[in-house]
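Data first, discussion second: the structure below is written as C-alpha cells.
We did not get these values from a lab; they are worked out from the coordinates using the rules stated. Predicted model, so just to flag it, every value in this text is computed and none were measured. Here the Cβ positions follow ideal geometry from the backbone for every residue, glycine too, while neighbour counts run over all protein chains shown.
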Amino acid sequence: MSDAKRPTTEIALLGRHYTIACDPGAEDKLERAARYLDRAMHGIQSQSNALSNDRVTVMAALNIAHELLEVMDEKRDYEAELTRLGERLDGALKNRST
C-alpha cells in the first residue's frame, strides 16, 4: 500500500504537530508510542532548557533504546531460565517414570 493511501494520525512532540502515516489499525499504538516519546523528551528538556530540540530528541531516543535493550536482555535471561527449568522438569519426569 502506498503512503498516499495509508491512514494518517497526528501526533505532538514537544508541542510540534506531525502527521504520520501508519498501517490501518495501528493508530492507537502509534499514539501511545508518541506519548511515551513526548514524555521522555519533556523530561530531558526540563533538566536543561539550553538543549536544542534536536539534542533532546537524540537523547530521548538513546534513553529509550537503552530501556529497550535492557528489557530484551531481561527477556533473554528469563527465557534461558525457563529453558533450564523445563530441562530439569523433563529430567525429573523421565527419572520418575523409569
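Some points to look at:
- Simple point charges give the picture: +1 on the Cβ of Lys and Arg, -1 on the Cβ of Asp and Glu, and for the chain a dipole about the Cα centre of about 120 debye.
- Sequence-distant residues sharing a close amide H with A26 (under 5 Å, placed H): none
- Dipole axis of the stretch 3-97 (+1 Lys, Arg; -1 Asp, Glu on Cβ), positive-most option in A80, S97, L69: S97
- In order along the stretch 65-80, phi translates into HN-Hα couplings of 4, 4, 4, 4, 5, 4, 5, 5, 5, 4, 4, 4, 5, 5, 5, 5 Hz, rounded to whole numbers, per the Karplus curve 6.51 cos²θ - 1.76 cosθ + 1.60 with θ = phi - 60° and x for Gly and Pro.
- C-alpha long axis of helix 27-47 to longest principal axis of the chain, angle in °: 70 degrees
- Charge dipole (the stretch 3-97, unit charges on Cβ, about Cα centre) - positive-most of G25, A40, S52: G25
- Whole-Hz ³J(HN,Hα) from phi, Karplus 6.51 cos²θ - 1.76 cosθ + 1.60, for the stretch 8-19, glycine and proline x: 10, 9, 8, 10, 10, 10, 6, x, 9, 9, 10, 9
- Ellipticity estimate at 222 nm from DSSP helix runs (n ≥ 4, -39,500 (n - 2.57)) divided over the chain, nearest 500: -24500 deg cm²/dmol
- Between E10 and D73, the FRET efficiency from the beta-carbon distance, with R0 = 41 Å, is close to 0.75.
- Overall dimensions of the chain as given by Cα atoms, namely Rg and Dmax in Å: 21.8, 71
- Exposure proxy order (Cβ contacts within 10 Å, fewest to most) of T83, T8: T83, T8
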